[in-house]
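What follows is one structure encoded as structure tokens, with my remarks underneath.
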Amino acid sequence: MMEVSNEKEYLSVFINVQLSKKANELLTKAAGRAGRTKRKEAMLRLEDHLLHFPDIASTGKRFTE
């Protein structure tokens, strides 16, 4: 009998998102300061945010433990 794993294997994906004017401005400036493209800056920031904040209630609000 084959053992079934509960862990799903995730692949890299491309995702399109709509940014507000302010978020676009902030991302553009951050990418410029870092010498990266906006795409690379957004990818790095999203991954970093997800690693540090696994859950979020809404913009600026975190769930408390």
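Normalised per residue, the accessible area of the chain is 107 Å², obtained with a 1.4 Å probe and no contribution from ligands, DNA or RNA. Taking the 0 to 90 degree range and rounding to the nearest ten, how far is the long axis of helix 21-34 tilted relative to the main principal axis of the chain, both from C-alpha atoms? The angle comes out near 90 degrees. Percent of Cα pairs in the chain per distance bin of 5 Å, from zero to the largest separation: 3, 12, 16, 20, 17, 12, 7, 4, 3, 2, 1, 0.
Our estimate of slack between residue 51 and residue 8, defined as 0.36 nm per intervening residue step minus the Cα-Cα distance, is 13.7 nm.
Surface composition of the chain: carbon and sulfur atoms hold 56% of the protein heavy-atom accessible area at a 1.4 Å probe. Using just its DSSP H runs of length 4 or more, each adding -39500 (n - 2.57), the chain gives a mean residue ellipticity at 222 nm of -14500 deg cm²/dmol after division by all residues. Pairs of lysine residues in the chain that meet both criteria, 8 or more places apart or on different chains and Cα atoms under 23 Å apart, total 9.
Taking the chain as the reference, fit the longest principal axis to its C-alpha atoms, fit the long axis of helix 38-52 to the helix C-alpha atoms, and give the angle between the two in degrees, 0 to 90, nearest 10. Between the helix axis and the principal axis of the chain, the angle is about 50 degrees.
The values are calculated or read from the model by the stated rules, or taken from the named source; none is laboratory data. The structure displayed is predicted, hence computed values, not measured ones. The protein model used for the area step is the full one, side chains on, heavy atoms only, and it has no ligands, DNA or RNA in it. Shrake-Rupley method; radii C 1.70, N 1.55, O 1.52, S 1.80 Å.
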